[in-house]
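Let me begin by presenting the structure, written as structure tokens, before commenting on it.
The values are calculated or read from the model by the stated rules, or taken from the named source; none is laboratory data. Just so it is clear, the structure is predicted and the values come from calculations on it, not from any experiment. Note that we place each Cβ from the backbone using ideal geometry, even for glycine, and neighbour counts take in every protein chain shown. Calculation scope for accessible area: heavy atoms of the full protein, side chains included, ligands and nucleic acids excluded. Shrake-Rupley method; radii C 1.70, N 1.55, O 1.52, S 1.80 Å.
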Amino acid sequence: MRLLCLPKSFTFHFQKVNKKQTIMAQSSGSNTGKKLIRIDITSDSVCPWCFVGKRNLDKAIARSKDQFDFEIKWHPYFLDPSAPKEGVNKKEYYEKKFGSRARGIFARMTEIFRNIDLEYDMSGLTGSSLDSHRLIYFAGKQGLDKQHALVEEIFLGYFTQGKFVGDREFLLESARKVGVEGAAEFLENPDNGVKEVNEELEKYSANISGVPNYVINGKHQLSGGQPPEVFLKTFQVAAK
């Protein structure tokens, strides 16, 4: 069962990228002689399927690193643009949002997370993910490997440790773990990164209705928490 995080419903699709979307150029050879696979990922830090998809993508990359080099960039999305900046009880927030479906969704995500060796934690607070996207953008300026590692830390904290995605100390701790420098100074100014986040929203989110969304070598689009095998097949197609 492969689903997207959507505001109101869950769907799944695989398609070519809309020509109107501005995405990175097609892959070329790398300095290692291996084909380069470029992956643009549009995601929200509070989307559980985005974390599932990342874990499965990482497995696919590990299984094909002898064939390809990878360049991964993360782009922002807001499942709920009106989510409060201050923290609110996570479980109550989602019970209000999903109503009678909430219990079934929680149970399903618990099962899915156990399948990737994680414990889904509904404790703690939720709210606006803007600061996390600002920090993810900032990390990317220091290196895409750092950005990818930071996304992992934020997902781990929010989904398995009851951390609040808008908590400054949690974000700074995540940045320290992956070696992002200057994060405190960057986040201190609430305007830093906002322009860039909004530009990326317009560029990468205008033609999608849910996340996670992956564009591979500027041509091939995948949506939802795909299993590793789907990524592996798409790498092969995209490299031709």
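For beta carbons closer than 7 Å, sequence separation of 6+ or different chains, a first residue in region 122-147 that is in contact (Cβ under 8 Å) with a residue 12 or more places away in the chain and buried (at least 19 other Cβ atoms within 10 Å of the Cβ) and a second that is assigned to a helix (DSSP H, G or I) and acidic (D, E), the qualifying pairs are Y137/E196. Among the numbered conditions (1) among the aliphatic types (A, V, I, L, M); (2) modelled with pLDDT of 95 or more; (3) open to solvent by 10 Å² or more (accessible area, probe 1.4 Å), the only one that I208 does not meet is (2). Of the residues making up region 137-153, those that are out of contact with any strand residue (DSSP E or B) (no Cβ under 7 Å at 6 or more places or on another chain) and closer than 10 Å to W74 by Cβ are Y137, A139, L150. When region 58-81 is limited to residues that are in contact with a strand residue (DSSP E or B) (Cβ under 7 Å, 6 or more places away or on another chain) and of a type in the set (D, E), the one that is least open to solvent (accessible area, probe 1.4 Å) turns out to be D69. Within region 169-194, the set of residues being open to solvent by 60 Å² or more (accessible area, probe 1.4 Å) and over 19 Å from the mean Cα position of the chain (by Cα) comprises E169, R176, E181, E185, E188, N189, P190, D191. Going through (1) closer than 21 Å to L150 by Cα; (2) open to solvent by 50 Å² or more (accessible area, probe 1.4 Å); (3) not polar (S, T, N, Q) one by one, R38 falls short only on (2). Residue count for region 148-166, restricted to those that are open to solvent by 30 Å² or more (accessible area, probe 1.4 Å), closer than 13 Å to L135 by Cβ and among the aliphatic types (A, V, I, L, M): 1. Suppose we filter V165, V180, V197, V237 for residues that are closer than 14 Å to I39 by Cα and modelled with pLDDT of 95 or more; which single one remains? Checking each option against the conditions leaves just V237.
Apart from one condition, Y94 fits all of (1) modelled with pLDDT under 95; (2) loosely packed, with under 13 Cβ neighbours inside 10 Å; (3) within 20 Å of the chain's Cα centre (by Cα); the exception is (2). Just give me the residues in region 133-169 being among the β-branched types (V, I, T) and more than 18 Å from A184 (Cα to Cα), in sequence order. Hit for region 133-169 is T160, nothing else. Any residue at all in region 76-83 that is outside any helix (DSSP H, G or I), free of Cβ contacts under 8 Å to residues at least 12 places away in the same chain and within 18 Å of the chain's Cα centre (by Cα)? Checked against the condition, which is being outside any helix (DSSP H, G or I), free of Cβ contacts under 8 Å to residues at least 12 places away in the same chain and within 18 Å of the chain's Cα centre (by Cα), region 76-83 yields at least one hit.
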